[in-house]
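Since every read-out is calculated from the coordinates, none of them should be taken as a lab result. None of these values were measured; they are calculated from a predicted model. For neighbour counting, all protein chains shown are included, and Cβ atoms are generated from backbone atoms with ideal geometry for every residue, glycine included.
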Amino acid sequence: MKAVQVTGYGDVDKLELVEKKVPEPKSGEVLIKVKACGINNTEIWMREGAYGSGGKSGWRPEGIQFPRIPGSDITGCIEKTGSEVDESLIGKDVVLFPFTSSGKEGLEHISEDMSFIGSEYDGGYAEYVTWPADLCYEMPLSDPIESAVFSVSGMTAWHMVEQIQAKPAETIMVTGANGGVGSLNVQIAANVFGSKVIAIVGDLKLEEKMKELGATHVLSYKSDNLAEQIIEVNGGPVDSVLDVVGDALFSTSLQVLKKGGKFCTSGSAGGQKTELDFRTLYLKHITLYGSVLGTRNEFKRMLDAIEEGKIKPVIDRTFPLEEAREAQAYFKNAGKLGKIVLIP
C-alpha cells in the first residue's frame with residue numbers, strides 16, 4: 001500500500017511517500033481501507049517537535065517512535081476483521097474515534113495511557129489502517145470526505161463548549177474562528193447550545209461565511225482596537241472565550257471577559273508562551289480551562305448533532321495522499337476556512 005510516513009523531527013521534507021505491506025488486524029481489530037483523512041495541527045506539531053523533542057514528543061512519556069504514519073481524522077470502509085470481531089462489519093463505512101485509553105467513562109481523554117492514532121499508532125496518511133473495532137463508528141454523513149473533518153477537531157471543539165457550560169443567554173468569543181477547530185466551535189456553540197458567538201478572524205472577507213455557520217458578529221484580530229469593538233458589539237463583556245490562538249489574543253481575551261468569565265484553550269498557533277498578570281485572574285474571578293480531545297460519549301453526541309444537520313462540514317481544500325507535503329505546507333497558510341483533507 002501507499003503511505004506517507006514521518007521519518008523524524010523537522011520540516012515537510014521529513015514526510016516520505018513509501019510502499020508498505022497492508023497491515024493485518026489483530027484480535028479485536030479491523031482493517032480499514034482509508035477513504036479520507038483530515039489534517040490537524042497535531043501531526044504537524046508532532047513532526048516539528050512542538051510537543052517536545054528527543055524522547056519527549058508525543059502523547060506518551062516515551063515519545064514518538066519513527067518512522068510513523070500520521071493522520072487521525074479518518075474515514076473508510078472495513079475490509080477485514082481480526083479474531084473476536086463480528087464479520088458482519090465488513091463493508092461498513094466508519095469514522096474512527098482517534099485514541100485508545102483505559103480511563104474510566106468520562107475520563108478517557110486524561111488517562112495516563114491515552115495513545116493517539118497517527119502518533120502512538122500508525123494513522124490515516126495511508127491506503128489502509130488497522131484499529132479496534134469498538135472504536136469505529138458509523139459515518140454521520142454519506143460522504144467520507146465530509147465525515148473526515150470532525151473526529152479530532154470536532155471532538156475537541158465539542159469538549160471545549162461543554163467545559164465552559166455554554167448557555168443560550170451567553171456570549172462566546174471564538175478565536176481562530178475560520179480554522180478547523182474554530183469553525184466547529186462557532187457551529188457547536190451557536191447551533192447546538194444556542195449561544196451568541198463573536199467570531200474572530202483575520203480577513204473580514206470571511207464575514208458572511210462565518211455568519212452562515214452561526215456567528216452573530218465577525219471581527220478581525222488585525223483591528224487596532226479589537227477589545228473595544230468586542231465590548232461594543234456585545235453591549236458589554238463576554239461570558240466565555242474559546243481559544244485556539246494562544247499568546248496573540250490572550251491579553252485581549254482576558255480584557256473582554258466579564259467578572260466570573262471562562263477562558264478555554266486548545267491550541268497556541270499564535271504563540272505558545274505568554275505573560276500573565278495574576279491579578280487579572282483573581283480580581284475578575286476568571287476560570288481557565290486547558291482542553292484537548294474529549295470523551296467517547298461526547299464523540300457520540302457530536303456525531304448525533306452532525307447527523308441531525310446542526311453541525312456541517314467546512315472544507316477548504318483536498319489533496320491527494322501523494323501531495324502530503326504540499327497539504328501540510330498549505331495548512332499553515334492564513335486565511336483558510338475549514339479543514340484540509342487528504343484523499344488516498
Open item on the list: Of all beta bridges DSSP finds with both residues in the chain, what is the antiparallel percent, to the nearest 5?
Closed with: 55 percent
Task: Of Lys33/Lys300; Lys14/Lys104; Lys92/Lys211; Lys92/Lys336; Lys196/Lys284; Lys167/Lys258, pairs whose Cα-Cα distance is over 25 Å - done: Lys14/Lys104; Lys92/Lys211; Lys92/Lys336
Open item on the list: Order 31-37, 19-25, 235-241 from most to least packed using the mean count of other Cβ atoms within 10 Å.
Closed with: 31-37, 235-241, 19-25
- [ ] With unit charges on the beta carbon (Lys/Arg positive, Asp/Glu negative), name the residue among Ser72, Ala329, Ser119 whose Cα is farthest towards the positive pole of the charge dipole of the chain.
- [x] Ala329
Open item on the list: From the convex hull of the Cα coordinates of region 88-242, what is the mean projected area in square nanometres?
Closed with: 11.4 nm²
Task: Value in Å of the Kirkwood radius, where the chain supplies the Cα pairs that are averaged - done: 20.4 Å
TODO: Please give the length that would be gained between Glu79 and Met1 if that part of the chain were fully extended, namely 0.36 nm times their separation in residues minus their C-alpha to C-alpha distance (nm, one decimal).
DONE: 26.7 nm
Open item on the list: To the nearest 20 Debye, how big is the dipole of region 210-344 about its Cα centre, given +1 on the beta carbon of each Lys and Arg and -1 on that of each Asp and Glu?
Closed with: 280 debye
Task: Candidate lysines for bridging to Lys273, where Cα separation is under 21 Å - those fewer than 8 sequence places away on the same chain excluded - done: Lys56, Lys222, Lys262, Lys332
- [ ] Would you please name the GluC sites (Glu not before Pro) within region 303-344 that are DSSP coil residues with at most 11 other C-beta atoms within 10 Å of their C-beta?
- [x] Glu308
